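What follows is a set of notes on a single structure, which appears directly below.
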Amino acid sequence: MFKSKAYSAASATLPLASTSIPRRNPTDRDVQIEILFCGICHSDLSQVRNEWKDIMPTIYPIVPGHEIVGRVAEVGRAVTKYQPGDLVAVGCLVDSDHTCPQCKANLENLCPNMTLTFNSPDKHGTAPVTYGGYSDSIVVDEHFVLRVPTNLDLAGAAPLLCAGITSYSPLRRWGVDEGRKVGIVGLGGLGHMGVKFAHAFGAHTVVFTRSERKMEDALRLGADEVVVSRNADEMQKHAGTFDVILDTVSAQHDLDAYVNQLAPDGTLTLVGATEKPTPVSTFGLLMGRRNLAGSLIGGIAETQEMLDFCGKHNITADVEVIPIQKVNEAYDRLAKSDVKYRFCIDMASLESE
Ligand code: NAP
Ligand code: ZN
């Protein structure tokens, strides 16, 4: 084992602070990565503050971070895909059972025994739970390591590992392409990537936001139209017309308002992880034979496909790059939806700790 610098939270109410954590020495199949950038996902905030306690309680101390980009420092003897110096990435998953039907279908994200990058039991026994990317290094099985296209800005590429794949995968699954009308609800980290992908796939893209201040940005990011969701007339104008709506909202809200925006056979796919159950009117779904769906990140092969697509189309997240010492301030701003449109930690700032 060796020690890594990191930031962790000791409880739901304490701020994140500098610490030192153990990492395992690379086994034959492992890649040791020097972390350069790590994005800040709303899931980091929700888990640090133990907001999902009824579903996946947080084990403290927690080291969050699952939007990791870095450089390979060392590889185990059996590693074939990577060598020291390569630009690589790690997302939300670091292991799965490799034997279930989902793993066999390249859907490790749906494996019942997957290991999340942080706050999952650590199968290697290095620590009670896995520790994430707010750290200067990480050791990961090569199967869960992704290759970063070398033309991409690295800070902007880090959020692709969660915000990117979580919006790309359901848009692909529900057949978003040219001629389709697609709604993106919530212009945050996931939402702004959803806009970029829907636009790149050729769909007519409409953003739903609570905030008039975000209208200009939504158009710049690729939206064809913007609806301020508080405005009932604007909502009514689009009722019954969408093929697909991707809902990225991180808090409880009225789902029927978006079910009613769907055309017959249209699909509302949820990715926002809200703490409490949300009621839905069955009639809204019955009328028009509409679908209500969920989606969780994406498999490893699809994550690489998404990264390659981003390389080809030069797509990255719009990031506010911060030193790790500003992470608590960034969390407070993220809780208020005040970020354009993803915070990303420059890990070189850990050196001074
Ligand atoms: P984010 O950057 O905070 O964006 C969420 C957006 O939702 C906000 O910018 C805001 O957009 C809107 N919003 C927030 N509170 C709202 C409310 N009370 N009512 C209506 N709209 C509200 O968060 P994120 O990182 O994109 O993550 C979004 C959600 O997805 C989180 O719950 C996160 O945990 C979850 N997540 C899920 C997966 C998955 O695999 N399914 C993966 C990653 C994250 P406007 O200001 O434009 O209204
Ligand atoms: Zn995330």
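Listed residues Phe197, Phe208, Phe201; which is under 28 Å from Phe343 (Cβ atoms) and touching a strand residue (DSSP E or B) at 6+ places or on another chain (Cβ under 6 Å)?
Checking each option against the conditions leaves just Phe208.
If only one of Ile59, Ile55 is within 16 Å of ligand 1 (Cβ to nearest atom) and part of a loop (DSSP other than H, G, I, E, B), which one is it?
Of Ile59, Ile55, the one residue that is within 16 Å of ligand 1 (Cβ to nearest atom) and part of a loop (DSSP other than H, G, I, E, B) is Ile55.
Which residue, of Leu334, Leu292, Leu285, is under 21 Å from Gly132 (Cα atoms) and in contact (Cβ under 8 Å) with a residue 24 or more places away in the chain?
Selected residue: Leu334, the only one of Leu334, Leu292, Leu285 that is under 21 Å from Gly132 (Cα atoms) and in contact (Cβ under 8 Å) with a residue 24 or more places away in the chain.
Please name all residue pairs, on different chains or six or more residues apart, with Cβ atoms under 8 Å, provided the first residue is in the stretch 34-46 and is under 23 Å from Leu14 (Cβ atoms) and the second residue is polar (S, T, N, Q) and within 6 Å of ligand 1 (Cβ to nearest atom).
Within 8 Å, the pairs are His42/Ser250; Ser46/Ser250.
For the stretch 197-283, list the strands (runs of 3 or more DSSP E) that sit wholly inside it and hold at least 1 residues that are near ligand 1 (Cβ under 10 Å from one of its atoms) and aliphatic (A, V, I, L, M); which are they?
Hits in the stretch 197-283: 204-209, 225-228, 262-270.
If you scan the stretch 162-196, which residues turn out to be near ligand 1 (Cβ under 8 Å from one of its atoms), under 11 Å from Thr269 (Cβ atoms) and of a type outside the set (A, V, I, L, M)?
If the condition is that a residue be near ligand 1 (Cβ under 8 Å from one of its atoms), under 11 Å from Thr269 (Cβ atoms) and of a type outside the set (A, V, I, L, M), then Thr166 is the only one that fits.
Can you find, within the stretch 279-298, the residue that is farthest from ligand 2 (Cβ to nearest atom) among those that are among the β-branched types (Val, Ile, Thr) and surrounded by 15 or more Cβ atoms within 10 Å (Cβ to Cβ)?
Here the answer is Val280.
Considering each residue of the stretch 62-79, count those that are in a loop (DSSP other than H, G, I, E, B) and farther than 22 Å from Ala157 by Cα, and give that number.
Here the count works out to 4.
Could you go through the stretch 260-271 and let me know if any residue there is under 25 Å from Val339 (Cα atoms), surrounded by fewer than 24 Cβ atoms within 10 Å (Cβ to Cβ), modelled with pLDDT of 95 or more and among the hydrophobic types (A, V, I, L, M, F, W, C).
Yes, the stretch 260-271 contains a residue that is under 25 Å from Val339 (Cα atoms), surrounded by fewer than 24 Cβ atoms within 10 Å (Cβ to Cβ), modelled with pLDDT of 95 or more and among the hydrophobic types (A, V, I, L, M, F, W, C).
Just the residues that are among the polar types (S, T, N, Q) and crowded, with 23+ Cβ neighbours inside 10 Å, please, taken from the stretch 197-214.
Answer for the stretch 197-214, where residues must be among the polar types (S, T, N, Q) and crowded, with 23+ Cβ neighbours inside 10 Å: Thr205, Thr209.
Among the listed residues Asp338, Asp308, which satisfies the condition of being within 27 Å of Arg172 (Cα to Cα) and either more than 11 Å from ligand 1 (Cβ to nearest atom) or at pLDDT 95 or above (or both)?
Exactly one of Asp338, Asp308 is within 27 Å of Arg172 (Cα to Cα) and either more than 11 Å from ligand 1 (Cβ to nearest atom) or at pLDDT 95 or above (or both), namely Asp308.
If I ask for residues that are closer than 30 Å to Leu152 by Cα, hydroxyl-bearing (Ser, Thr, Tyr) and in a loop (DSSP other than H, G, I, E, B), which ones from the stretch 12-36 would you list?
Listed by number, the list holds a single entry, Thr27.
Residues are listed down the side, and each one gets a yes or a no for (1) of a type in the set (Lys, Arg); (2) touching a helix residue (DSSP H, G or I) at 6+ places or on another chain (Cβ under 6 Å):
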site: Ala9; (1), (2): no, yes
site: Gln47; (1), (2): no, no
site: Lys53; (1), (2): yes, no
site: Ile59; (1), (2): no, no
site: Val63; (1), (2): no, no
site: Gln83; (1), (2): no, no
site: Val90; (1), (2): no, no
site: His98; (1), (2): no, no
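Taking the stated definitions as given, is Val271 within 21 Å of the chain's Cα centre (by Cα), hydrophobic (A, V, I, L, M, F, W, C) and farther than 23 Å from Glu51 by Cβ?
No, not satisfied.
Look at the stretch 242-256 and say how many of its residues are modelled with pLDDT of 95 or more and in contact with a Lys or Arg (Cβ under 6 Å, 6 or more places away or on another chain).
So the count comes out to 2.
When you go through Ala348, Ala301, Ala335 one by one, which is the residue that is among the small types (Gly, Ala, Ser), farther than 25 Å from Gly222 by Cβ and within 16 Å of ligand 2 (Cβ to nearest atom)?
Answer to the selection: Ala335.
The values are calculated or read from the model by the stated rules, or taken from the named source; none is laboratory data. Small disclaimer: the values here were computed from a predicted structure and weren't measured. Glycine also receives a Cβ, built like all others from the backbone with ideal geometry; neighbour counts cover every protein chain displayed.
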